[in-house]
Amino acid sequence: DVVMTQTPPSLSVAIGQSVSISCKSSQSLVYSDGKTYLHWLLQSSGRSPKRLIYQVSNLDSGVPDRFSGTGSQKDFTLKISRVEAKDLGVYYCAQTTHFPYTFGAGTKLELK
Amino acid sequence: EVQLQESGPGLVKPSQSLSLTCSVTGYSITSNYWGWIRKFPGNKMEWMGYISYSGSTSYNPSLKSRISITRDTSKNQFFLQLNSVTTEDTATYYCARRPGDYWGQGVMVTVSS
């Protein structure tokens, strides 16, 4: 299985700060069609996961451009600029290139 | 709008089978891929398997022969069956459209005698 190493496990942030989360995969996530199926999701307290970014850098509908995703092959980063209170929760990276699909262990973003 | 809703018992006894239903509205399950994901106590997430638009299935090898995903296209529902459950299967179970753009609200299942 592809191991997704996500760091840090937690982040304490002040409103308005910017933060970055790293996700590294044990194999390249480039699929045979040339696309990279690495996604970022947020699970807020008491809610189901919500996908924010798909295929490395594409924002889902309604996701503010304070969120951005970068990376390639095996190394990916989620950046959140000007953190707002509604951004708090657990962030996951997930890959759907290789089955079984796998998730990172999560990064809990909380207020300082 | 695509909506998914899980249903099923919240408590299952060890060695019995866990059965869940995912009801989909706003989109036909004869298109795309539909999966089951679970989140264990703590944060660990596991993609269990999926059923395709044609009815073919793929299962996480970690679940070996315990898992089955089926569907009823007339009701636009798909189903999870997990056999021989143990306390290690206690989790919140989600159904979702691959690759995770739509999720159900989740159902917490506890395995306990």
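The values are calculated or read from the model by the stated rules, or taken from the named source; none is laboratory data. Values in this document were obtained by computation on a predicted structure and should not be read as measured data. Note that each Cβ is placed from the backbone with ideal geometry, even for glycine, and that neighbours are counted across all protein chains shown.
Worth pointing out:
- Annotation for segment B:9-30: no member residue is within 11 Å of chain A (Cβ to nearest Cβ), surrounded by 14 or more Cβ atoms within 10 Å (Cβ to Cβ) and at pLDDT 95 or above.
- Hits in segment B:78-98 (condition: closer than 21 Å to B:PRO41 by Cα and crowded, with 17+ Cβ neighbours inside 10 Å): B:LEU80, B:LEU82, B:VAL85, B:ASP89, B:THR90, B:ALA91, B:THR92, B:TYR93, B:TYR94, B:CYS95, B:ALA96
- Selection of segment B:68-113 for residues being aliphatic (A, V, I, L, M) and either touching a Cys at 6+ places or on another chain (Cβ under 7 Å) or closer than 27 Å to A:TRP40 by Cβ (or both) yields B:ILE69, B:LEU80, B:ALA91, B:ALA96, B:VAL107, B:MET108, B:VAL109.
- Test for B:LYS75: is it surrounded by fewer than 17 Cβ atoms within 10 Å (Cβ to Cβ), basic (Lys, Arg) and modelled with pLDDT of 95 or more: yes
- Conditions (1) at negative phi; (2) over 13 Å from the mean Cα position of the chain (by Cα): number failed by B:GLY55: (1)
- Any hit, segment A:51-60, residues being under 14 Å from the mean Cα position of the chain (by Cα), among the hydroxyl-bearing types (Ser, Thr, Tyr) and within 10 Å of chain B (Cβ to nearest Cβ): yes
- Count - residues of segment B:99-113 that are surrounded by fewer than 19 Cβ atoms within 10 Å (Cβ to Cβ) and away from chain A (no Cβ under 14 Å): 3
- Taken together, A:ASP87, A:ASP60, A:ASP75 contain a single residue that is touching a Leu at 6+ places or on another chain (Cβ under 8 Å) and more than 16 Å from A:SER10 (Cα to Cα), which is A:ASP60.
- The listed residues are B:TYR53, B:TYR33, and the only one of them that is under 27 Å from B:GLU1 (Cα atoms), in contact (Cβ under 8 Å) with a residue 24 or more places away in the chain, in contact with a Pro (Cβ under 9 Å, 6 or more places away or on another chain) and hydroxyl-bearing (Ser, Thr, Tyr) turns out to be B:TYR33.
- A:LEU109, sole failed condition from (1) touching a Phe, Trp or Tyr at 6+ places or on another chain (Cβ under 7 Å); (2) of a type outside the set (D, E, K, R); (3) under 21 Å from B:TYR102 (Cβ atoms): (3)
- Given (1) in a strand (DSSP E or B); (2) free of Cβ contacts under 8 Å to residues at least 24 places away in the same chain, index of the condition B:GLN5 fails: (2)
- Of all residues in segment B:60-98, exactly one satisfies the criterion of being in contact (Cβ under 8 Å) with a residue 60 or more places away in the chain, part of a loop (DSSP other than H, G, I, E, B) and at the interface with chain A (Cβ under 10 Å from one of its Cβ atoms), namely B:ARG98.
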